[in-house]
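We did not get these values from a lab; they are worked out from the coordinates using the rules stated. Keep in mind that what you see is a predicted model, and the values were worked out from it rather than measured. So basically every Cβ, Gly included, is an ideal-geometry build from the backbone, and we count neighbours across all protein chains shown.
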Amino acid sequence: MLLKSGKPDYLGVNYYHEGTIQQNQLEKPVKDDRQKSFNATDPYLMQPKDAQAQDPEIPMYNQVDNPFLKQTEWSWDIDPAGFRVTLRELTEKYGLPMLITENGLGASDELKDGKVDDGYRIDYLKKHVQAMQEAITDGCDVIGYCAWSFTDLLSWLNSYKKRYSFVYVDRDDDSQRTLDRIPKKSYYWYQHVIATDGADLTMQS
């Protein structure tokens, strides 16, 4: 009864990508070039290709690539417009303030000459922050935004191959190397975004 009578103060929202769904594969088989690869995306979103039809999840939907969207190295669709739509739909359904608890881009960042030029991460975050700002003008109550993440960390699934952060940690799966913390290009961009309270999203040199 206590849980039923309670009401949350806000919603925590994680957003990385959308999902494109097609009619179930028993009624409409998917062409191989559009079928999502099981090991190229997060495995908790779909079943393997060779799963049997009696699996209760298989007949329900097909997850396929969206031909109109670019993708990350891990085949995640990049869809900032979907972020705006998500915030609008959550506002309509729950009418609560929202805190963006995770939003970011995973990539195999490379350290070259002591620097990491991750302009692709800046582009991703910039477009998603813009979409969030547009959702706010639509009437969504967004009380905070937390980019994922500040520093490289061990992924339960992709170890150190997939990095999300503003600060590069000099190590890999096989060696600790120097463990130096090296701010990426996105670090300085996001520092400027914070300093301007999101008013200036331009890429800083």
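Some notes on this structure:
- The overall shape of segment 51-182 is oblate: from the C-alpha gyration tensor, with semi-axes ordered a ≥ b ≥ c, the ratio a/c is 1.5 or greater and a/b is no larger than b/c.
- In terms of the mean number of neighbouring beta-carbon atoms within 10 Å, the peptides 122-128, 94-100, 108-114 order highest first as 122-128, 94-100, 108-114.
- Computed log10 I(q)/I(0) for segment 93-141 at 0.22 Å⁻¹: -0.86, from the Debye equation with unit scatterers placed on every C-alpha and solvent omitted.
- Cβ-placed point charges (K, R +1; D, E -1), dipole of segment 61-205 about Cα centre in debye, nearest 20: 140 debye
- Segment 137-188 - convex hull of alpha carbons, volume per residue in Å³: 115 Å³
- Cα-Cα over 24 Å, subset of 7/93; 93/162; 93/126; 70/93; 7/126: 93/162; 93/126; 70/93; 7/126
- Within segment 76-205, antiparallel bridges make up roughly 60 percent of the DSSP beta bridges whose residues both belong there.
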